[in-house]
Amino acid sequence: MKDKKVLIIPCSGIGKSLGSVGRDATYEVIENLKPGKTDTVCLALLTLGDEEAKQKVTSNYCISLDGCPKKCAKKNIEALGKEPEKSYRIIDFFKDNPGKKPQGIVDIGEGGRALSKSIAKVISEDVDDLLENGRR
Amino acid sequence: MADLPKVKVGIVSCSGEEIPEGTISRIATMKVLNKLRPQQTSTICLPLFLAGGKEDRDFARVYPTITVDGCGKLCAKKATEKYSGKVAASINVKDFVKEGETLVNRRDLGQKELEVADRVAQEIAAQVDKVVRQRSESITFSQEEDVSSDEVSNASGTGCSCGSGDVPYLEVNVDGKKVKFFYLKEIFDFVSQDGSKSDDIAERILSLVRTYNVIDDGMENAYRDAIVKEYHAYIGGGK
(Lines give C-alpha, C1' and ligand atoms only; values in the text may rest on other atoms or scores of the structure.)
Protein backbone atom coordinates (compact mmCIF):
# COMPACT_ATOMS: atom_id res chain seq x y z
CA MET A 1 0.00 0.00 0.00
CA LYS A 2 3.07 2.26 0.10
CA ASP A 3 2.44 3.61 -3.38
CA LYS A 4 -0.99 4.94 -2.44
CA LYS A 5 -1.49 8.65 -2.18
CA VAL A 6 -4.13 10.71 -0.49
CA LEU A 7 -6.29 12.73 -2.86
CA ILE A 8 -7.69 15.95 -1.46
CA ILE A 9 -10.80 16.85 -3.44
CA PRO A 10 -12.39 20.23 -2.80
CA CYS A 11 -15.73 21.29 -4.23
CA SER A 12 -14.22 24.61 -5.40
CA GLY A 13 -17.73 26.06 -5.14
CA ILE A 14 -17.65 29.20 -7.26
CA GLY A 15 -20.54 30.96 -5.57
CA LYS A 16 -19.33 30.87 -1.98
CA SER A 17 -16.16 32.01 -0.23
CA LEU A 18 -16.03 28.75 1.73
CA GLY A 19 -15.61 26.93 -1.60
CA SER A 20 -12.52 29.04 -2.25
CA VAL A 21 -11.20 28.30 1.24
CA GLY A 22 -11.48 24.55 0.59
CA ARG A 23 -9.58 24.96 -2.67
CA ASP A 24 -6.84 26.98 -0.94
CA ALA A 25 -6.53 24.44 1.89
CA THR A 26 -6.11 21.71 -0.73
CA TYR A 27 -3.20 23.52 -2.34
CA GLU A 28 -1.66 24.22 1.07
CA VAL A 29 -1.57 20.46 1.76
CA ILE A 30 -0.48 19.18 -1.65
CA GLU A 31 2.06 21.93 -2.42
CA ASN A 32 3.45 22.85 1.01
CA LEU A 33 2.62 20.42 3.81
CA LYS A 34 2.54 16.98 2.19
CA PRO A 35 3.98 17.24 -1.33
CA GLY A 36 4.58 13.85 -2.94
CA LYS A 37 2.20 12.09 -0.57
CA THR A 38 -0.91 13.91 -1.73
CA ASP A 39 -2.54 15.04 -4.93
CA THR A 40 -5.84 16.37 -6.19
CA VAL A 41 -8.13 15.64 -9.10
CA CYS A 42 -10.41 17.95 -11.07
CA LEU A 43 -13.88 17.49 -9.62
CA ALA A 44 -15.41 18.42 -12.97
CA LEU A 45 -13.67 15.39 -14.49
CA LEU A 46 -15.33 13.17 -11.90
CA THR A 47 -18.68 14.81 -12.57
CA LEU A 48 -18.23 13.90 -16.20
CA GLY A 49 -17.18 10.31 -15.34
CA ASP A 50 -13.69 10.54 -16.88
CA GLU A 51 -12.08 7.06 -16.73
CA GLU A 52 -8.60 8.26 -15.74
CA ALA A 53 -10.02 10.40 -12.93
CA LYS A 54 -12.21 7.52 -11.72
CA GLN A 55 -9.18 5.21 -11.66
CA LYS A 56 -7.22 7.77 -9.65
CA VAL A 57 -10.00 8.11 -7.09
CA THR A 58 -10.73 4.41 -6.69
CA SER A 59 -7.07 3.44 -6.29
CA ASN A 60 -6.10 6.08 -3.72
CA TYR A 61 -7.37 7.40 -0.41
CA CYS A 62 -9.74 10.36 -0.70
CA ILE A 63 -10.61 13.29 1.51
CA SER A 64 -13.49 15.51 0.39
CA LEU A 65 -13.80 19.16 1.33
CA ASP A 66 -17.16 20.84 0.82
CA GLY A 67 -18.07 24.50 0.98
CA CYS A 68 -21.84 24.16 1.35
CA PRO A 69 -24.46 21.67 2.59
CA LYS A 70 -24.99 20.29 -0.92
CA LYS A 71 -21.71 18.36 -0.46
CA CYS A 72 -20.86 18.18 -4.15
CA ALA A 73 -17.33 16.84 -3.63
CA LYS A 74 -18.48 14.00 -1.37
CA LYS A 75 -21.45 13.10 -3.58
CA ASN A 76 -19.41 13.10 -6.79
CA ILE A 77 -16.92 10.68 -5.19
CA GLU A 78 -19.76 8.50 -3.89
CA ALA A 79 -21.25 8.43 -7.37
CA LEU A 80 -18.23 6.31 -8.35
CA GLY A 81 -19.15 3.78 -5.68
CA LYS A 82 -16.43 4.95 -3.31
CA GLU A 83 -16.89 6.35 0.17
CA PRO A 84 -14.24 9.01 0.88
CA GLU A 85 -12.00 8.05 3.81
CA LYS A 86 -12.68 11.46 5.36
CA SER A 87 -15.27 14.13 4.56
CA TYR A 88 -15.19 17.66 5.84
CA ARG A 89 -17.46 20.67 5.62
CA ILE A 90 -15.63 24.00 5.73
CA ILE A 91 -18.49 25.52 7.71
CA ASP A 92 -17.66 23.22 10.66
CA PHE A 93 -14.11 24.59 10.79
CA PHE A 94 -15.49 28.12 10.54
CA LYS A 95 -17.88 27.47 13.44
CA ASP A 96 -14.88 26.43 15.53
CA ASN A 97 -12.88 29.45 14.35
CA PRO A 98 -15.37 32.33 13.96
CA GLY A 99 -12.57 34.89 13.96
CA LYS A 100 -11.14 33.43 10.76
CA LYS A 101 -13.72 34.83 8.39
CA PRO A 102 -13.11 34.66 4.63
CA GLN A 103 -13.34 37.98 2.84
CA GLY A 104 -14.58 36.92 -0.60
CA ILE A 105 -14.57 34.34 -3.37
CA VAL A 106 -11.71 35.64 -5.52
CA ASP A 107 -9.58 36.80 -2.59
CA ILE A 108 -10.32 34.96 0.63
CA GLY A 109 -8.29 37.53 2.58
CA GLU A 110 -6.28 37.13 5.76
CA GLY A 111 -9.16 35.49 7.65
CA GLY A 112 -9.77 33.01 4.85
CA ARG A 113 -6.08 32.14 4.60
CA ALA A 114 -5.90 31.58 8.36
CA LEU A 115 -8.96 29.30 8.16
CA SER A 116 -7.39 27.49 5.21
CA LYS A 117 -4.21 26.83 7.20
CA SER A 118 -6.22 25.44 10.14
CA ILE A 119 -8.03 23.05 7.80
CA ALA A 120 -4.79 22.06 6.05
CA LYS A 121 -3.21 21.18 9.40
CA VAL A 122 -6.06 18.80 10.27
CA ILE A 123 -5.96 17.21 6.82
CA SER A 124 -2.18 16.73 7.08
CA GLU A 125 -2.69 14.70 10.22
CA ASP A 126 -5.30 12.61 8.37
CA VAL A 127 -2.81 12.08 5.54
CA ASP A 128 -0.19 10.72 7.94
CA ASP A 129 -2.75 8.53 9.63
CA LEU A 130 -4.12 7.11 6.37
CA LEU A 131 -0.70 6.41 4.90
CA GLU A 132 0.50 4.78 8.10
CA ASN A 133 -2.60 2.88 9.22
CA GLY A 134 -4.88 2.73 6.18
CA ARG A 135 -8.62 3.07 6.30
CA ARG A 136 -10.16 2.28 9.70
CA MET B 1 -47.43 47.86 -19.34
CA ALA B 2 -46.08 44.58 -17.92
CA ASP B 3 -42.31 44.26 -17.80
CA LEU B 4 -40.28 41.29 -18.88
CA PRO B 5 -37.05 40.46 -17.08
CA LYS B 6 -33.74 41.30 -18.72
CA VAL B 7 -32.04 38.33 -20.32
CA LYS B 8 -29.36 36.87 -18.06
CA VAL B 9 -26.56 34.60 -19.19
CA GLY B 10 -25.29 31.66 -17.13
CA ILE B 11 -21.55 31.09 -16.96
CA VAL B 12 -20.25 27.68 -15.93
CA SER B 13 -16.55 27.39 -15.12
CA CYS B 14 -14.61 24.12 -14.93
CA SER B 15 -12.51 25.28 -11.92
CA GLY B 16 -10.11 22.41 -12.74
CA GLU B 17 -8.09 21.91 -9.56
CA GLU B 18 -5.14 20.17 -11.20
CA ILE B 19 -3.98 22.90 -13.58
CA PRO B 20 -3.39 26.69 -13.58
CA GLU B 21 -5.89 27.03 -16.43
CA GLY B 22 -8.62 25.76 -14.06
CA THR B 23 -7.90 28.58 -11.64
CA ILE B 24 -7.76 31.02 -14.57
CA SER B 25 -11.19 29.91 -15.81
CA ARG B 26 -12.54 30.49 -12.31
CA ILE B 27 -10.95 33.92 -11.85
CA ALA B 28 -12.01 35.06 -15.34
CA THR B 29 -15.58 33.92 -14.65
CA MET B 30 -15.68 35.78 -11.34
CA LYS B 31 -14.33 38.92 -13.00
CA VAL B 32 -17.23 38.89 -15.44
CA LEU B 33 -19.78 38.14 -12.70
CA ASN B 34 -18.50 40.78 -10.30
CA LYS B 35 -17.07 43.52 -12.48
CA LEU B 36 -17.59 43.33 -16.23
CA ARG B 37 -21.23 42.15 -16.56
CA PRO B 38 -22.69 41.86 -13.03
CA GLN B 39 -26.25 42.63 -14.10
CA GLN B 40 -26.36 40.24 -17.04
CA THR B 41 -24.76 37.10 -15.60
CA SER B 42 -25.23 34.30 -13.13
CA THR B 43 -23.31 31.13 -12.32
CA ILE B 44 -23.62 27.70 -10.75
CA CYS B 45 -21.12 25.19 -9.37
CA LEU B 46 -20.45 22.62 -12.08
CA PRO B 47 -20.38 19.55 -9.75
CA LEU B 48 -23.85 20.53 -8.55
CA PHE B 49 -25.31 19.24 -11.81
CA LEU B 50 -24.60 15.73 -10.55
CA ALA B 51 -24.98 16.32 -6.80
CA GLY B 52 -27.92 18.68 -6.90
CA GLY B 53 -31.60 18.32 -7.62
CA LYS B 54 -33.77 18.78 -10.69
CA GLU B 55 -33.92 22.53 -10.14
CA ASP B 56 -30.13 22.81 -10.27
CA ARG B 57 -30.11 20.78 -13.47
CA ASP B 58 -32.55 23.25 -15.01
CA PHE B 59 -29.82 25.89 -15.02
CA ALA B 60 -29.06 25.74 -18.76
CA ARG B 61 -32.78 25.72 -19.51
CA VAL B 62 -33.28 28.88 -17.44
CA TYR B 63 -30.20 30.68 -18.72
CA PRO B 64 -28.49 30.65 -22.11
CA THR B 65 -25.15 29.31 -20.91
CA ILE B 66 -21.49 29.99 -21.70
CA THR B 67 -19.00 27.40 -20.48
CA VAL B 68 -15.38 28.17 -19.60
CA ASP B 69 -12.93 25.27 -19.67
CA GLY B 70 -9.28 24.98 -18.71
CA CYS B 71 -8.29 22.18 -21.06
CA GLY B 72 -9.31 20.26 -24.14
CA LYS B 73 -11.37 17.79 -22.12
CA LEU B 74 -14.05 20.51 -22.00
CA CYS B 75 -15.63 19.16 -18.80
CA ALA B 76 -17.77 22.26 -18.23
CA LYS B 77 -19.22 22.10 -21.73
CA LYS B 78 -19.74 18.34 -21.75
CA ALA B 79 -21.17 18.12 -18.22
CA THR B 80 -23.52 21.05 -18.82
CA GLU B 81 -24.81 19.47 -22.00
CA LYS B 82 -25.04 16.02 -20.36
CA TYR B 83 -26.94 17.09 -17.25
CA SER B 84 -28.53 20.45 -17.98
CA GLY B 85 -28.89 21.61 -21.57
CA LYS B 86 -27.21 22.79 -24.74
CA VAL B 87 -24.71 25.64 -24.27
CA ALA B 88 -24.84 28.92 -26.17
CA ALA B 89 -21.05 29.28 -26.38
CA SER B 90 -17.93 27.47 -25.21
CA ILE B 91 -14.56 29.00 -24.30
CA ASN B 92 -11.29 27.11 -23.75
CA VAL B 93 -8.63 28.97 -21.72
CA LYS B 94 -5.90 27.17 -23.71
CA ASP B 95 -6.95 29.19 -26.78
CA PHE B 96 -5.97 32.38 -24.94
CA VAL B 97 -2.47 31.29 -23.95
CA LYS B 98 0.08 32.81 -26.32
CA GLU B 99 2.90 30.77 -27.80
CA GLY B 100 5.79 30.63 -25.35
CA GLU B 101 3.66 31.60 -22.35
CA THR B 102 4.15 29.08 -19.55
CA LEU B 103 1.60 28.95 -16.77
CA VAL B 104 2.77 27.51 -13.46
CA ASN B 105 0.75 28.99 -10.58
CA ARG B 106 -2.55 27.36 -9.78
CA ARG B 107 -3.00 28.64 -6.22
CA ASP B 108 -2.12 32.33 -6.30
CA LEU B 109 -2.01 33.47 -9.89
CA GLY B 110 1.10 35.35 -11.01
CA GLN B 111 1.30 38.20 -13.53
CA LYS B 112 1.29 35.91 -16.57
CA GLU B 113 -1.73 33.92 -15.38
CA LEU B 114 -3.62 37.10 -14.51
CA GLU B 115 -3.00 38.47 -18.01
CA VAL B 116 -4.48 35.31 -19.51
CA ALA B 117 -7.44 35.56 -17.08
CA ASP B 118 -8.05 39.13 -18.30
CA ARG B 119 -8.08 38.02 -21.93
CA VAL B 120 -10.49 35.19 -21.13
CA ALA B 121 -12.74 37.53 -19.12
CA GLN B 122 -12.93 39.94 -22.05
CA GLU B 123 -13.93 37.10 -24.35
CA ILE B 124 -16.60 35.88 -21.91
CA ALA B 125 -17.99 39.43 -21.69
CA ALA B 126 -18.07 39.69 -25.50
CA GLN B 127 -19.93 36.39 -25.71
CA VAL B 128 -22.37 37.55 -23.01
CA ASP B 129 -23.11 40.69 -25.04
CA LYS B 130 -23.65 38.60 -28.17
CA VAL B 131 -26.05 36.19 -26.45
CA VAL B 132 -28.00 39.00 -24.74
CA ARG B 133 -28.28 40.84 -28.07
CA GLN B 134 -29.54 37.74 -29.88
CA ARG B 135 -32.01 36.78 -27.17
CA SER B 136 -33.34 40.31 -26.69
CA GLU B 137 -34.08 40.98 -30.36
CA SER B 138 -37.76 40.31 -29.85
CA ILE B 139 -38.12 42.58 -26.85
CA THR B 140 -38.13 46.37 -26.72
CA PHE B 141 -37.71 47.26 -23.11
CA SER B 142 -39.77 50.21 -21.97
CA GLN B 143 -36.80 51.95 -20.38
CA GLU B 144 -33.08 51.40 -20.10
CA GLU B 145 -31.94 50.59 -16.61
CA ASP B 146 -29.07 52.60 -15.23
CA VAL B 147 -26.72 50.46 -13.19
CA SER B 148 -25.63 52.21 -10.05
CA SER B 149 -22.32 51.55 -8.38
CA ASP B 150 -24.29 50.22 -5.39
CA GLU B 151 -25.95 47.61 -7.59
CA VAL B 152 -22.59 46.54 -8.98
CA SER B 153 -21.20 46.35 -5.49
CA ASN B 154 -24.17 44.35 -4.24
CA ALA B 155 -23.85 41.98 -7.16
CA SER B 156 -20.32 41.05 -6.12
CA GLY B 157 -20.27 37.52 -4.79
CA THR B 158 -23.98 37.02 -5.28
CA GLY B 159 -23.99 35.75 -8.84
CA CYS B 160 -24.57 32.14 -7.83
CA SER B 161 -27.80 30.50 -8.92
CA CYS B 162 -27.64 27.13 -7.24
CA GLY B 163 -31.28 26.22 -6.77
CA SER B 164 -32.27 28.23 -9.84
CA GLY B 165 -35.80 27.06 -9.09
CA ASP B 166 -36.70 30.49 -7.75
CA VAL B 167 -37.20 31.63 -11.35
CA PRO B 168 -40.99 31.70 -11.94
CA TYR B 169 -42.49 29.19 -14.35
CA LEU B 170 -45.74 27.61 -15.51
CA GLU B 171 -46.17 23.98 -16.48
CA VAL B 172 -47.97 23.34 -19.75
CA ASN B 173 -49.22 20.05 -21.15
CA VAL B 174 -47.42 19.40 -24.45
CA ASP B 175 -48.40 16.18 -26.23
CA GLY B 176 -49.35 14.57 -22.93
CA LYS B 177 -46.17 15.64 -21.11
CA LYS B 178 -45.85 18.46 -18.57
CA VAL B 179 -43.20 20.94 -19.71
CA LYS B 180 -41.83 23.77 -17.57
CA PHE B 181 -41.75 27.23 -19.22
CA PHE B 182 -39.88 29.95 -17.40
CA TYR B 183 -41.42 33.44 -17.21
CA LEU B 184 -44.50 32.23 -19.12
CA LYS B 185 -47.01 34.19 -17.00
CA GLU B 186 -44.86 37.32 -17.43
CA ILE B 187 -44.78 36.71 -21.20
CA PHE B 188 -48.56 36.31 -21.32
CA ASP B 189 -49.06 39.55 -19.38
CA PHE B 190 -46.59 41.34 -21.65
CA VAL B 191 -48.16 40.11 -24.90
CA SER B 192 -51.70 40.77 -23.74
CA GLN B 193 -50.78 44.43 -23.21
CA ASP B 194 -48.37 45.18 -26.06
CA GLY B 195 -50.98 45.43 -28.82
CA SER B 196 -49.91 42.45 -30.94
CA LYS B 197 -52.47 41.57 -33.61
CA SER B 198 -54.25 38.30 -32.95
CA ASP B 199 -52.76 36.60 -36.05
CA ASP B 200 -49.24 37.54 -34.84
CA ILE B 201 -49.76 36.30 -31.34
CA ALA B 202 -48.54 32.72 -31.78
CA GLU B 203 -45.21 33.79 -33.31
CA ARG B 204 -44.87 36.65 -30.85
CA ILE B 205 -45.34 34.39 -27.84
CA LEU B 206 -43.08 31.67 -29.23
CA SER B 207 -40.37 34.20 -29.93
CA LEU B 208 -40.50 35.44 -26.31
CA VAL B 209 -40.68 31.90 -24.95
CA ARG B 210 -37.53 31.15 -26.92
CA THR B 211 -35.84 34.13 -25.25
CA TYR B 212 -36.09 32.56 -21.79
CA ASN B 213 -36.39 28.85 -22.55
CA VAL B 214 -34.84 26.09 -24.60
CA ILE B 215 -37.18 24.71 -27.25
CA ASP B 216 -36.27 21.11 -27.89
CA ASP B 217 -35.45 20.12 -31.46
CA GLY B 218 -38.50 19.14 -33.49
CA MET B 219 -40.94 20.35 -30.82
CA GLU B 220 -41.59 23.88 -32.10
CA ASN B 221 -45.06 23.26 -33.55
CA ALA B 222 -46.23 21.26 -30.53
CA TYR B 223 -44.89 23.92 -28.15
CA ARG B 224 -46.56 26.71 -30.16
CA ASP B 225 -49.96 25.01 -30.16
CA ALA B 226 -49.84 24.15 -26.45
CA ILE B 227 -48.62 27.57 -25.35
CA VAL B 228 -51.14 29.51 -27.46
CA LYS B 229 -53.94 27.33 -26.05
CA GLU B 230 -52.63 28.06 -22.55
CA TYR B 231 -52.43 31.79 -23.38
CA HIS B 232 -56.08 31.96 -24.44
CA ALA B 233 -57.11 30.08 -21.29
CA TYR B 234 -54.98 32.51 -19.27
CA ILE B 235 -56.39 35.75 -20.68
CA GLY B 236 -59.89 34.30 -20.74
CA GLY B 237 -59.84 32.84 -17.27
CA GLY B 238 -57.38 35.14 -15.51
CA LYS B 239 -55.31 32.13 -14.37
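Taking the condition within 14 Å of chain B (Cβ to nearest Cβ) and out of contact with any Asp or Glu (no Cβ under 7 Å at 6 or more places or on another chain), does residue A:101 pass? Show your work before the answer.
Working: within 14 Å of chain B (Cβ to nearest Cβ): yes; out of contact with any Asp or Glu (no Cβ under 7 Å at 6 or more places or on another chain): yes.
The answer is yes for residue A:101.
What is the one condition in (1) at the interface with chain B (Cβ under 9 Å from one of its Cβ atoms); (2) out of contact with any helix residue (DSSP H, G or I) (no Cβ under 9 Å at 6 or more places or on another chain) that residue A:41 does not satisfy?
Tallying (1) at the interface with chain B (Cβ under 9 Å from one of its Cβ atoms); (2) out of contact with any helix residue (DSSP H, G or I) (no Cβ under 9 Å at 6 or more places or on another chain), residue A:41 fails exactly one: (2).
Can you spot a residue in the stretch B:96-112 that is outside the structural domain of residue B:181 (by TED's automatic domain parsing), closer than 30 Å to residue B:212 by Cβ, modelled with pLDDT of 90 or more and not in a loop (DSSP other than H, G, I, E, B)?
Initial filter on the stretch B:96-112 (outside the structural domain of residue B:181 (by TED's automatic domain parsing)): B:96-112.
Now drop any that are not closer than 30 Å to residue B:212 by Cβ, which leaves none.
No: the stretch B:96-112 contains no residue that is outside the structural domain of residue B:181 (by TED's automatic domain parsing), closer than 30 Å to residue B:212 by Cβ, modelled with pLDDT of 90 or more and not in a loop (DSSP other than H, G, I, E, B).
Return the only residue of A:59, A:64, A:17, A:116 being surrounded by 22 or more Cβ atoms within 10 Å (Cβ to Cβ) and either facing chain B (nearest Cβ under 8 Å) or over 16 Å from the mean Cα position of the chain (by Cα) (or both). Write out each step before concluding.
Values: A:59 fails: surrounded by 22 or more Cβ atoms within 10 Å (Cβ to Cβ); A:64 fails: either facing chain B (nearest Cβ under 8 Å) or over 16 Å from the mean Cα position of the chain (by Cα) (or both); A:116 fails: either facing chain B (nearest Cβ under 8 Å) or over 16 Å from the mean Cα position of the chain (by Cα) (or both).
Matching residue, one of A:59, A:64, A:17, A:116: A:17.
Does the stretch B:16-36 hold any residues that are surrounded by 24 or more Cβ atoms within 10 Å (Cβ to Cβ) and either more than 7 Å from every other protein chain (Cβ to nearest Cβ) or in contact with a strand residue (DSSP E or B) (Cβ under 6 Å, 6 or more places away or on another chain) (or both), and which are they? Steps first, please.
Step one: list which residues in the stretch B:16-36 are surrounded by 24 or more Cβ atoms within 10 Å (Cβ to Cβ), which gives B:16-17, B:21-26, B:28-30, B:32-33.
Matches in the stretch B:16-36: B:21, B:23, B:24, B:25, B:26, B:28, B:29, B:32, B:33.
Considering each of A:123, A:77 in turn, give the residue that is assigned to a helix (DSSP H, G or I), within 14 Å of chain B (Cβ to nearest Cβ) and among the β-branched types (Val, Ile, Thr).
Working: A:123 fails: within 14 Å of chain B (Cβ to nearest Cβ).
Only one candidate passes the filter, namely A:77.
Would the stretch B:50-61 turn up any residue that is under 15 Å from the mean Cα position of the chain (by Cα) and free of Cβ contacts under 8 Å to residues at least 60 places away in the same chain? Break it down into steps so the answer makes sense when it comes.
Just the residues of the stretch B:50-61 that are under 15 Å from the mean Cα position of the chain (by Cα), to begin with: B:55-61.
If we keep only those that are free of Cβ contacts under 8 Å to residues at least 60 places away in the same chain too, we end up with B:57.
Yes, the stretch B:50-61 contains at least one residue that is under 15 Å from the mean Cα position of the chain (by Cα) and free of Cβ contacts under 8 Å to residues at least 60 places away in the same chain.
Could you please tell me which pairs satisfy a Cβ distance under 8 Å, a separation of 6+ or placement on different chains, a first residue in the stretch A:107-136 that is free of Cβ contacts under 8 Å to residues at least 40 places away in the same chain, and a second residue that is of a type in the set (A, V, I, L, M, F, W, C)?
If the second residue must be of a type in the set (A, V, I, L, M, F, W, C), the pairs left are A:118/A:93; A:122/A:93.
Yes or no: the stretch B:56-73 includes at least one residue that is among the aliphatic types (A, V, I, L, M), part of a loop (DSSP other than H, G, I, E, B) and at pLDDT 95 or above. I'd like the intermediate steps shown before the answer.
Within the stretch B:56-73, the subset among the aliphatic types (A, V, I, L, M) is B:60, B:62, B:66, B:68.
Cutting the leftovers down to part of a loop (DSSP other than H, G, I, E, B) gives us none.
Scanning the stretch B:56-73, I find no residue that is among the aliphatic types (A, V, I, L, M), part of a loop (DSSP other than H, G, I, E, B) and at pLDDT 95 or above, so the answer is no.
Quick one: would you say residue B:87 is aliphatic (A, V, I, L, M), surrounded by fewer than 22 Cβ atoms within 10 Å (Cβ to Cβ) and modelled with pLDDT under 95?
Values: aliphatic (A, V, I, L, M): yes; surrounded by fewer than 22 Cβ atoms within 10 Å (Cβ to Cβ): yes; modelled with pLDDT under 95: yes.
Criteria met by residue B:87.
The values are calculated or read from the model by the stated rules, or taken from the named source; none is laboratory data. The structure presented is a predicted model; accordingly, all values stated were derived computationally and were not measured. A quick note on method: Cβ atoms are made from the backbone with ideal geometry, for glycine too, and the neighbour counts reach across all protein chains shown.
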